[in-house]
Amino acid sequence: MNQSKPVSEANVPSIRVGVSSCLLGQEVRYDGGHSRDRYVADTLAEHFALVPVCPEAELGMGTPRETVRLHGDDLARPRMIGSLSATDWTSGMNRFAATRIQQLGSENLCGYVFKKNSPSCGVFRVKVYRDKGMPQRKGRGLFASAFAQRYPLVPLEEEGRLQDSGLRENFVERVFALHRLQQVFTGRWKRSELMTFHANEKYLLMAHDPQGLKYLGQLVGQVKQHTPAQFRDQYMVAFMAIMARTATVPKHVNALQHVAGHLRGLVSSPAREKILAVIAEFKQGYVPLIVPMTLIQHYIELHDVPYVNRQTYLTPHPRELKLRNHA
Ligand code: SF4
């Protein structure tokens, strides 16, 4: 049996994720409606404690209200302007964001799902109206922008991008990763616990960024040269940067082959050939990642290989999310 699966029934509900309120079906949009997203409101809500925020409603802009747009030539500092009245909401929204985002610090958020295209909540490619010329889709909503600056380690996504299976898997994987980091570095953390944690993350990190894994290993080797706070900050930044890199098929194949290497001498030749054949099928795109992973996990548990059995790579998120079932 796997004694220390990283995703336990006990810890999942405690993971808190911020969300634009309208995505949960709250009627807070400018027109009094909502933008309920089934994946967020149904699936993610089963696994995370969602923390809803509607910046515009909470600021007191009223519901319903006139629409607002981002304006200006400085894409990093656009202004939020009412479409009809030309009311400038920029200072009000920035002040609100500073206070609300400070409050969110006590929630220990491990992720945030924002509403796409919103001048308050959009993270990627929000439309900005230039003083002259065509609008550009290069902006970021004011609230989302302030949140990203204050909490750079927290993974951010938009509900639209979560339709993409690869982006969805990467986002959820990072949410669980940040939660594990928060747990290991809570209070006066011990070096021995850090060593165990790092060892258990090896193959997951390898699947995202083998070079980054090497760097992180060197950092761990120098742990005594840093203050605990310095080390924690450096380790967390590097860890989350590695996790943000896409775990491509070739990188998974490399990690799977390393994991399968632990079975050398334990399984029969036909079983080993079968494992390698299934990894090859995954490489060619004939089967999803869950197939070689399940086969390897079967033999790891059968032959009781504790070091590999403790790897978060085997189960970095609940199986019910089916994030490894896509081709
Ligand atoms: S996108 Fe953001 S500001 Fe707009 S209704 Fe949804 S939560 Fe409120």
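The values are calculated or read from the model by the stated rules, or taken from the named source; none is laboratory data. Treat the numbers as computed from the prediction; the structure is a model and nothing was measured. With ideal geometry, Cβ positions are generated from the backbone for all residues, glycine too; neighbour counts draw on all protein chains shown.
A few points about this structure:
- Cβ-Cβ under 7 Å pairs, at least 6 apart or on other chains, region 75-94 side assigned by TED's automatic domain parsing to the domain that holds PHE147 and on the phi < 0 side of the Ramachandran plot, far side aromatic (Phe, Trp, Tyr) and surrounded by 15 or more Cβ atoms within 10 Å (Cβ to Cβ): MET80/TRP89; GLY82/TRP89; MET93/PHE143
- One residue stands out among those in region 110-139 that are out of contact with any Asp or Glu (no Cβ under 8 Å at 6 or more places or on another chain) and under 29 Å from SER14 (Cα atoms): the one that is surrounded by the most Cβ atoms within 10 Å (Cβ to Cβ), which is CYS121.
- Scanning region 30-59 for residues that are small (Gly, Ala, Ser) and more than 12 Å from the ligand (Cβ to nearest atom) returns ALA41, ALA45, ALA49.
- All positions within region 63-73 that are within 15 Å of GLY92 (Cβ to Cβ) and within 12 Å of the ligand (Cβ to nearest atom): ARG65, VAL68
- Flag if GLU27 is surrounded by fewer than 18 Cβ atoms within 10 Å (Cβ to Cβ), within 11 Å of the ligand (Cβ to nearest atom) and in a helix (DSSP H, G or I): no
- Residue, surrounded by the fewest Cβ atoms within 10 Å (Cβ to Cβ), within region 291-313, restricted to residues that are within 21 Å of PRO210 (Cα to Cα) and without any contact (Cβ under 8 Å) to a residue 40 or more places away in the chain: MET293
- Applying the criterion of being outside any helix (DSSP H, G or I) and among the aromatic types (Phe, Trp, Tyr) to the residues of region 86-117, the residue that is nearest to the chain's Cα centre (by Cα) is TYR112.
- One residue stands out in region 167-208 among those that are outside any helix (DSSP H, G or I) and without any contact (Cβ under 8 Å) to a residue 40 or more places away in the chain: the one that is farthest from the chain's Cα centre (by Cα), namely LYS190.
- Any hit, region 205-220, residues being aromatic (Phe, Trp, Tyr) and within 24 Å of ARG324 (Cβ to Cβ): no
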